[in-house]
Every structure is written in structure tokens, then in C-alpha cells.
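Please read the structure below before turning to the comments.
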Amino acid sequence: MLRQERVSINDKEVKVNIFDMAGHPVFYEVRNEFYKDTQGAMLVYDVGNRESFEALDSWLEEISKDIGSASDLQGVVFAVCANKVDCRKRIVEEAEGHRWANSHGFSYFETSAQTGEGITDMFQALFKSVLTAIENGGKPARINASTSVGYSKEQAEVIQRLKTAKDNYERLGLPPGATKDDINRAYRKLAVLIHPDKSLAPGSEDAFKALVNARAALLQSHR
């Protein structure tokens, strides 16, 4: 589906052609005709559906294959949209989506098509980045994963583990039956890493509470 809009970016009126690509495999032969000359692309996944998140790699692979050449791909501005953030049962946490986007140098947005949250900001940022890339000779700026998000991959992974682990030993990264000293050492190491007063990673506060509770429960079991 094609939609044409006129938008104001940096005090300039710009005509934008937006193509909504049907994702089902049966539409591939139609979809692949539109990749050539692409200047901006949105990779959208459902935060309540892990399969849609894991499909991001295959979407990027398809675009890379059909756009023409590596230089053509380098000229595309990408935005990753974590959609349906209004849903109650979130499966893919913000830190995980942010990490995937930044590992590729792409911008990341939390959005909801239902409520409109983040939609305007995402489109404005995408259009502005495309225009800037055009003015820069077709070279879009890429996100520096090491500096853009303000937290490390290790912090994000620890937070994710604390949220999803099956038991308290796993939360602390310890084998079952670990000693009190092991528990306290693991706790101190993780506390320094994700304490909400020092960590900017999304979910740090809840993860730290889970860490404190896990340590207390394990020490209690050793009495």
C-alpha cells in the first residue's frame, strides 16, 4: 500500500512516499520490487510476540539481498519500532530490543499503533535522518552502540536474566547448592553492575529488587 504525504522537516516541505510492505511470504514477489531506491525503512515487531522480534534478522537479510548492492544498503536510514507497548503481556523487553537495534547502528523507538505513543516522534526522526543523509551525499549517520544507550550489553543481559530466570540460583548465575560465600560474591558483583543509582539500563530498578530478594531467599535456605 502506497501513501503519499507532505511533511515539514527542518523548515522544508518534503514529499514522502510510504510503502507498507505485506509481510506474508506469498507477497515476496511484490514486496521485493520496492526495495530498490529505498531511503528509509522501519523494521517493526510486536513486543508481545517473540517470533516477530526474532524475524528482524530475516527482514534485514531480505532487504540486503534485494536492494541491489552493499553501498545501496549503507544509504538506507533504519528505524526499529517496538510496537504494541500498550499490551499487558510484554515478552520482548525494551533492553533487548534496544540492544538489537544498536548492534546494527539503527535508531530504536517504543511505539503503540493503538494509542499513538511514540508514532509521531518515530516518523519525525526517520524523515529528518533521511533528509540529513540526502544532504550528506547519501550517507546516513549510524548509532554508536558503545556510547548511544548509556549502558552495556552485560548490564542488559543481567537484567534480562533476573527477570526471566527459573530460580534464584539462576538469577545470581550460580549452580544449585552454591555456598553462602558464593551467593554473597555473586550478589556484590551484580549489585555494582545494575544498581539503579548507577545503571541507566531499562528495568534496572525492578531487576535490582529481584536480585536482593534472590539473595535473601538463598541465604535463608542455608540457615
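The values are calculated or read from the model by the stated rules, or taken from the named source; none is laboratory data. All of these numbers come straight from a predicted model, not from anything done at the bench. Using ideal geometry, Cβ is built from the backbone for each residue, glycine included, and neighbour counts are taken over all protein chains shown. These accessible areas exclude ligands, DNA and RNA; they are computed on the full protein's heavy atoms, side chains included. Shrake-Rupley method; radii C 1.70, N 1.55, O 1.52, S 1.80 Å.
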Could you tell me the accessible area of GLU29 in Å² (1.4 Å probe, neighbours in place), rounded to the nearest ten? 130 Å²
When the chain is treated as a Gaussian network with springs between alpha carbons less than 10 Å apart, the largest mean-square fluctuation among VAL16, VAL80, VAL158 is found at VAL16
Show that you can apply the helix-only estimate: for the chain, add -39,500 (n - 2.57) for every DSSP H stretch of four or more residues, divide by all residues, and state [θ] at 222 nm to the nearest 500. -13500 deg cm²/dmol
Where does each of LYS65, LYS89 land when they are ordered by accessible area, with a 1.4 Å probe and the largest first? LYS89, LYS65
Might you work out the accessible area of VAL14 for me, using a 1.4 Å probe with all protein chains in place, and round it to the nearest 10 Å²? 40 Å²
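Summarise the accessible area of segment 173-223 (1.4 Å probe, protein heavy atoms) by the percent that is carbon and sulfur. Can you show the working numbers first?
Working: 1640 of 3140 Å².
Carbon-and-sulfur percentage of accessible area, whole number: 52.
Rolling a 1.4 Å sphere over the protein heavy atoms, what is the accessible area per residue of the chain, to the nearest Å²? It would help to have the intermediate numbers written out before the result.
Values: 13400 Å² over 223 residues.
Value returned for the chain: 60 Å² of accessible area per residue.
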Given the C-alpha centroids of segment 32-60 and segment 88-140, what is the distance between them in whole angstrom? 12 Å
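For segment 153-190, run through the trypsin sites (Lys or Arg not before Pro) and keep only the ones in DSSP coil with at most 15 other Cβ atoms within 10 Å of their Cβ.
On the way: sites: LYS153, ARG161, LYS163, LYS166, ARG171, LYS180, ARG185, ARG188, LYS189; in loops: LYS166.
The qualifying sites are LYS166.
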Modelled label-to-label distance, VAL7 and GLN220, 7 Å Cα→beta-carbon offset: nm? 5.2 nm
Note on segment 81-137: alpha-carbon gyration tensor, axes a ≥ b ≥ c; rule is a/c under 1.5 for rounded, else prolate if a/b larger than b/c, else oblate; result oblate
Please name which of PRO202, ALA113, VAL77 has its Cα lying farthest along the dipole of the chain towards the positive end, using unit charges on Cβ (Lys, Arg +1; Asp, Glu -1) and the Cα centre as origin. PRO202
Out of (i) 15; (ii) 28; (iii) 10, which label holds the value of percent of Cα pairs over 34 Å apart that was computed here? (ii)
Measuring from its Cα centre, segment 19-145 shows a charge dipole (+1 at each Lys and Arg Cβ, -1 at each Asp and Glu Cβ) which, in debye to the nearest 20, is 240 debye
Report THR164's accessible area, 1.4 Å probe, all protein chains in place, as a number in Å² to the nearest 10. 90 Å²
Putting +1 on Lys and Arg Cβ atoms and -1 on Asp and Glu Cβ atoms, find which of HIS222, LEU56, ALA41 reaches farthest to the positive end of the dipole of the chain. HIS222
Between ASN184 and SER64, 0.36 nm times their residue separation minus their Cα-Cα distance comes to what? 38.4 nm
Share of accessible surface on carbon and sulfur in segment 24-122, whole %, 1.4 Å probe and ligands ignored, is 50 percent
On a 1.4 Å probe surface of the protein chains, which of HIS222, HIS98 comes out largest in accessible area, and what is the full order? HIS222, HIS98
